[in-house]
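Step one of this worksheet: look at the structure below.
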Amino acid sequence: MSVLGRIRRISGSLVVAEDMAGIKMYEVVEVGSEGLIGEVSRIEGDVAYIQVYESTSGLMPGDPVRGTGNPLAVELGPGLMSQIYDGVQRPLEGIRELSKSIFVKRGVKLPALPRDKKWHFVPNQQAKPGTKLSGGTVIGTVKETELIEHRIMVPPNVHGILKEIQSEGEYTVEDIIGEVESDGKKIPLRLYHTWPVRLPRPYLDKLEPTEPLITGLRIIDTLFPIAKGGTAAIPGGFGTGKTVTLHGLAQWSEAKVVIYIGCGERGNEMTEVLERFPEYKDPWTGRPLMDRTILIANTSNMPVAAREASIYVGVTMAEYYRDQGYDVLLVADSTSRWAEALREIAGRLEEMPAEEGYPSYLASRIAEFYERAGRVVALGDPRRVGSVTLGGAVSPPGGDFTEPVTSHTRRFVRVFWALDTALAYSRHYPAINWLLSYSAYADTVSEWWRKNVNEMWAEDRKKALNILYRENEVREIVRLVGTEGLSETDKLVLFTARLLKEGFLKQNAFDPIDAFSDPKRQYKMLRSILTVHEAISSIISQGTITMAEVEPVITDLVAQLMRGRYTIPHDKLEEFDALVEKILEKLKGLQHAR
Amino acid sequence: MSAHIKDKKRLSGVLESKEVMMIKGPLIFVKASSGVSYDELVEIELSSGEKRRGRVLDVSTGVAVIQVFEGTTGISTTGTSVRFLGKTLELGVSEDMLGRIFNGLGDPIDGGPAIVAEEKRDVNGDPLNPTSRAYPKDFIQTGVSAIDGMNTLVRGQKLPIFSGGGLPHNLLAAQIARQSVVRGENEQFAVVFAAIGVKYDEFLFFKKFFEETGARNKVAMFVNLANEPAMIRLMTPRVALTLAEYLAYERDMHVLAIITDMTNYAEALREVSSAREEIPGRQGYPGYMYSDLASIYERAGRTVGKKGSITQMPILSMPNDDITHPIPDLTGYITEGQIVLDRGLYNRGIYPPINVLMSLSRLMKEGIGPGKTREDHDDVYNQLYAAYSRSQELKSLATIIGEESLSPTDKKYLRFGEAFERSFINQLPTENRSIEETLDIAWNVLSILPETELTNVRPQYIEKYYRKG
Ligand SMILES: Nc1ncnc2c1ncn2[C@@H]1O[C@H](COP(=O)(O)OP(=O)(O)O)[C@@H](O)[C@H]1O
Ligand SMILES: [Mg+2]
């Protein structure tokens, strides 16, 4: 029996309804004659406070409000991949076709997964009638895209004896492909199941993130790496490069599945992904990026209540692919807009505000979100290890990192890529400030680099960072007393830091060669710069030759080395060696002339 | 969305209440029996017979909170009658609106004939479906080097001008409106101009400008002056953009929407919010200001399968020239870049005083390059940014340690910076430079630097353009 009440009050996205006895917290309701979707966010007696996910324009007191009996849930099954959904999992492509309008009209209802499409289901050998199944067990597979073999799992909360399973063949998501008997009850199995978005999906065990998630972005992989199953935040004022960096992660990361949430940001940024990803190739597999990507779009002008939900919708899908045993990357642009949606909702409920109008539970909500990241052993058979890596943009007002969302986020993430307005103004992109950023995974992932790329990775990484740290101090000195009193070593630090910045840290996201560097190329570039640094260091330490003499001799070659990031492609890495070789020769010549 | 209301139980349409319970700031609280809908348009008749309009901001069984566009001055709890009109605020749109002048709610004020509407549109609009958008890519040549070379505008972009009192933002906006072309095209264009709380002389400046350029019959002006009611300001940009959407998506026109001054809009928003005693976000502005501004700025773009487009150029003044103030800050978070005017440059006589380092065009990358502007554009622009920011750094360093202690190369950077401002950024308000001229000037100033400093430029372009002028 579903609850049926009526509207008492409407104020923005908030609808207050009476006669709602029996309604549950977070239950989804249908509001008004069009059945606009909303969610219960507070109950007082028989009065329910409802956040409506669509425009409430035109609703009236007295209009009906109907409970659905269910919490906000997503459909999980084949057909998710390559889709673009709104904040509550409505397929935007489908809405456009159905409404024949360029605008998103409200009240349009469509299932998240296509109902008519047939999938080729291949049952698992082990899934024979009579076997005991636990929640999460894989009973078969469907080829969802060229890249994704979709593993059909028993829903996490279902277990029992497999009574029946269909043979290999074509099925829609709603066809019954099997049946489980549990405590005398028969439960049908389909290619999809639903899961409430605010409830993290269960897993068997959480593991330590040890493997880097290679992103192809040099400053990230080499200086501030993220691990599979890790958490990262990228805060920065407007125009500092949050979105471009997150697009880069979505584009280049070595993840099996990517979920991109456009949470309260620009419509054109979603369009950009939609236009680019079907054309661009995943550098790891050579397939169109869209084959592994799901987009969720609640743009800044879409209803704000759905913005709050969009984050949970996305992370639940991420967990679902994690449970299949895949490495999933979820990026959310921007978590600040989600936090603002929380604030707006709390404000309408007249909740007591804490800092800057945000509700007092802001910190715990941020913590809960990032807690859904992790590398886990999934439930059921066979054993599968999957991960959800979370990366969130943070948009601090006025670029002020002390504001509540940034400062709370900092407490719950392990990687912090701090964007810097001054770097962005000079078009040093990515504008990740190397003095303020950090990664707690640098040590754990060094083992991987040591084994797969170079023994000396950790040492060289530290060397580079130390040069950059020292450069900052030297610049401070210059600001106070000028360049006169600098030692030759300090002058070398300034020289190498420039080389590192121009030739390594800067990375143009729109240049075909520069945009992506695999680990080998990254290390080659870094090592080249350090080799030059070390050679010069050994010359000037003898005290007879100065930086003023060194620089003119190699300036031409050094300019070429700096251009290498966008002129020397992956298959010509030996050109870096050749350049370094030439520089070393020039240096030798300089010494011999003495 | 007015259709939603009409369909329902209030078939008669209009509902009336004579019980005004409370008046507070721009709001009146009215007793109303059932049947009032959220966001509904109302007409308020004062005892004097004067009629005003407003909209329902909050409605519960028995009470409706109404924001009165023309303000509450003179409204009394007695003798006032409020009629609920059964629809949201709509604009009757037509191509004939070009060449005409309207008030901030869309009524003609130029003495011309009434508009025969082709259709009526809810002024709030609907969000564009991201799957129907087409990514903006067509280079608009504005003839202004600091924009074309460094912060390229493309068709369908929303690119605001961040300015301050006394800076020449109007002159610049007018220059852009006059000079803008998409090269190799001769398509239908129109200008929709929204004045929000501006002074009369500013309105006059634009009016005269449009007349003098002969563009008068391509322009529709929506005007709310500084001495007119503030609540109307919340509707003016929406009304103007409603016409813009009609012209772009139903009449295949390329529309340039100039909206000035968004700061006055945000102030009106704050006024309503504080009258409603809402919990404020930063500096007293409502927590939902971001979403609210987005519902205006996002009404720009191109769409799949439609010829027309809306390019938005909002103008806003930064209170105390502070770019971190919530109004420019939230705007910058929504728009696709910003053109920032700088008092220092202005005082040194540079026109347009565009601070290129703080300015940004996020859609530039797709609009430049071979076939669009020129092959070297991308590298040149990167190099100009790197070099100019270096020159600014050195300039401030030189004030501390003295110019003579800079290295010879560093001194060249100082000369470069000077030349960049004097000959690249600086130009006449009437000067219309082609993109080739802009890039040639860029190479002239870059040629001040030694070749080895140009690490952002590919060797083949250095070969072709460096020190060739
Ligand atoms: N890695 C990069 N390479 C080249 N340009 C970049 C890069 N990162 C940012 N940009 C430039 O900066 C602009 C703003 O970046 P964006 O990511 O949109 O900023 P945010 O999301 O922080 O507001 C982009 O439009 C682009 O021009
Ligand atoms: Mg962004």
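The values are calculated or read from the model by the stated rules, or taken from the named source; none is laboratory data. Note that the coordinates shown come from a computational prediction; the quantities given were computed from them, not determined experimentally. Reconstructed Cβ throughout: ideal geometry from the backbone, glycine too, with neighbour counts over all protein chains shown. Surface areas here come from the heavy atoms of the whole protein model, side chains and all, with no ligands, DNA or RNA. Shrake-Rupley method; radii C 1.70, N 1.55, O 1.52, S 1.80 Å.
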So residue A:308 ticks every box in (1) within 16 Å of ligand 1 (Cβ to nearest atom); (2) open to solvent by 10 Å² or more (accessible area, probe 1.4 Å); (3) touching a Leu at 6+ places or on another chain (Cβ under 7 Å) but one. Which box is left unticked?
(1)
Within segment B:369-399, the count of residues that are more than 10 Å from chain A (Cβ to nearest Cβ) and in contact (Cβ under 8 Å) with a residue 40 or more places away in the chain comes to 7
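To keep it simple, each residue is scored yes or no on (1) more than 9 Å from chain A (Cβ to nearest Cβ); (2) surrounded by fewer than 22 Cβ atoms within 10 Å (Cβ to Cβ).
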{"site": "B:259", "(1), (2)": "yes, no"}
{"site": "B:262", "(1), (2)": "yes, no"}
{"site": "B:266", "(1), (2)": "yes, no"}
{"site": "B:277", "(1), (2)": "yes, yes"}
{"site": "B:280", "(1), (2)": "no, yes"}
{"site": "B:295", "(1), (2)": "no, yes"}
{"site": "B:307", "(1), (2)": "yes, yes"}
{"site": "B:314", "(1), (2)": "yes, no"}
First in segment B:309-323 and under 26 Å from residue B:245 (Cα atoms) and not assigned by TED's automatic domain parsing to the domain that holds residue B:134, second anywhere and aliphatic (A, V, I, L, M) and assigned to a strand (DSSP E or B), Cβ under 9 Å, 6 or more apart
none
Those residues of segment B:327-353 which are within 9 Å of chain A (Cβ to nearest Cβ) and either of a type in the set (A, V, I, L, M, F, W, C) or not in a helix (DSSP H, G or I) (or both), in sequence order
B:330, B:334, B:335, B:336, B:337, B:338
Residues that are open to solvent by less than 20 Å² (accessible area, probe 1.4 Å), at least 3 per element: which strands (runs of 3 or more DSSP E) completely within segment A:158-225 meet that?
A:176-182
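Any residue that is within 12 Å of ligand 1 (Cβ to nearest atom) and within 17 Å of the chain's Cα centre (by Cα) - is there at least one of those in segment A:223-230?
No, because not a single residue in segment A:223-230 is within 12 Å of ligand 1 (Cβ to nearest atom) and within 17 Å of the chain's Cα centre (by Cα).
Do the conditions hold for residue A:536, that is, is it part of a helix (DSSP H, G or I) and crowded, with 16+ Cβ neighbours inside 10 Å?
Working: part of a helix (DSSP H, G or I): yes; crowded, with 16+ Cβ neighbours inside 10 Å: yes.
It is true that residue A:536 is part of a helix (DSSP H, G or I) and crowded, with 16+ Cβ neighbours inside 10 Å.
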Answer yes or no as to whether residue A:240 is within 14 Å of chain B (Cβ to nearest Cβ), touching a residue at least 40 places away in the same chain (Cβ under 8 Å) and either within 16 Å of ligand 1 (Cβ to nearest atom) or assigned to a loop (DSSP other than H, G, I, E, B) (or both).
yes
Go over the candidates A:365, A:375, A:384, A:337 one by one and state the one that is within 16 Å of ligand 1 (Cβ to nearest atom), in the same structural domain as residue A:411 (by TED's automatic domain parsing) and charged (D, E, K, R).
A:337
So if I check each of B:421, B:366, B:431, which one is under 28 Å from the mean Cα position of the chain (by Cα) and within 16 Å of ligand 1 (Cβ to nearest atom)?
B:366
What's the number of the only condition in (1) modelled with pLDDT of 95 or more; (2) within 30 Å of residue B:178 (Cα to Cα) that residue B:416 fails to meet?
(2)
Residue in segment A:255-275 that is surrounded by the fewest Cβ atoms within 10 Å (Cβ to Cβ), counting only those that are within 9 Å of chain B (Cβ to nearest Cβ) and more than 14 Å from ligand 1 (Cβ to nearest atom)
A:275
Check whether at least one residue in segment B:166-177 is farther than 15 Å from residue B:258 by Cα and surrounded by 20 or more Cβ atoms within 10 Å (Cβ to Cβ), and report yes or no.
yes
Hey, can you tell me all the residues within segment B:25-43 that are open to solvent by 10 Å² or more (accessible area, probe 1.4 Å), more than 31 Å from the chain's Cα centre (by Cα) and either away from chain A (no Cβ under 11 Å) or in contact (Cβ under 8 Å) with a residue 60 or more places away in the chain (or both)?
B:29, B:31
Suppose we filter segment A:508-521 for residues that are away from chain B (no Cβ under 12 Å) and open to solvent by 10 Å² or more (accessible area, probe 1.4 Å); how many remain?
4
What is the one condition in (1) more than 14 Å from ligand 2 (Cβ to nearest atom); (2) touching a residue at least 40 places away in the same chain (Cβ under 8 Å); (3) crowded, with 22+ Cβ neighbours inside 10 Å that residue A:285 does not satisfy?
(3)
Tell me yes or no: at least one residue of segment B:132-139 is in contact (Cβ under 8 Å) with a residue 60 or more places away in the chain, closer than 18 Å to residue B:312 by Cα and open to solvent by 20 Å² or more (accessible area, probe 1.4 Å).
yes
